[in-house]
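Taking it in order: structure first as C-alpha cells, then the write-up.
The values are calculated or read from the model by the stated rules, or taken from the named source; none is laboratory data. Everything numeric here is computed off the predicted structure, so don't read it as measured data. Cβ placement follows ideal geometry from the backbone for every residue including glycine, while neighbour counts extend to all protein chains displayed. Each accessible area value is taken on the protein alone, full model and side chains, heavy atoms only, with ligands, DNA and RNA left out. Shrake-Rupley method; radii C 1.70, N 1.55, O 1.52, S 1.80 Å.
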Amino acid sequence: MKKTSLFVLMAFILSSAVIDATAQKMNLNGKWKADVSKSSVVSNNPFLVRIDVKISGDSIFTERYYDIGDGQTYPFTENLTLDGKEHDITVYDMPRKTTAIWSEDEGMLKLVSSMSTYGGSGPADFVSKETWKVAEDGKILTISFANTMNGSDSEGSFVMTRAE
C-alpha cells in the first residue's frame, strides 16, 4: 500500500512539473506588438514591430515583422526546435542560421542567429543573441538582444505587449 501511494505521489509530482514547464513555454503563444516607448531603439537597425509565436511540443514557429525605417514592415517566418539544433533559412536573399534553447530552470528562451549580409562595404556577418522572457502576468514579452556586426556591438530590448 505504501509503495502504491508513493508511486502515485511521485507520478503526480512529475506530471505537475511537466505541465508547469509546458505552461511556461505556452505563455509565449500569441501575437505580440512592440511598445515603442519602452523598447530600446538602436539607430540604423531594423526595429521589431510585431512577432507572432506558436509553440507546439518542442518546436517554435515565429513570424517576425521588422520596420527598417521606411514605415513598411518586412516579415519573415522561422520554424525552430528548442533543443539547440541549428536551422538554416534565407531571409530576403540573406542566409540565416539560428539555434533556440528553452531554459526551463530560468523560464526563458534563448536564440542565437547569424545572418550574412551584403552591403556597400562587402559581405558582413550579423550575429544576434536574444533572451526572451514573459512577465508573470503573461502580458509583456521582453526580448533582450546583443548584436555584433563588423566589430560593432549594440544591446537593447524589445518590449512587446500581447496584441490579442
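To put it simply, the accessible area of the range 21-100 at a 1.4 Å probe is 50 percent carbon and sulfur. Taking each residue as 0.36 nm, the span from Ser56 to Asp83 lengthens on full extension beyond its C-alpha to C-alpha distance by 8.4 nm.
The mean accessible area for residues of the range 60-129, using a 1.4 Å probe and ignoring ligands and nucleic acids, is 56 Å² per residue.
Here the spin labels are modelled as points 7 Å beyond Cα on the Cα-Cβ line, and at Lys139 and Asp93 they lie 4.4 nm apart. Filter Lys38/Lys97; Lys54/Lys129; Lys97/Lys133; Lys54/Lys85; Lys54/Lys97 down to the pairs with a C-alpha to C-alpha distance above 25 Å, please. The answer is Lys38/Lys97.
Leaving ligands, DNA and RNA out of it, rank Tyr65, Tyr74, Tyr92 by accessible area with a 1.4 Å probe, largest first.
Numbers: Tyr65 40, Tyr74 65, Tyr92 125 Å².
Accessible-area ranking of Tyr65, Tyr74, Tyr92, largest first: Tyr92, Tyr74, Tyr65.
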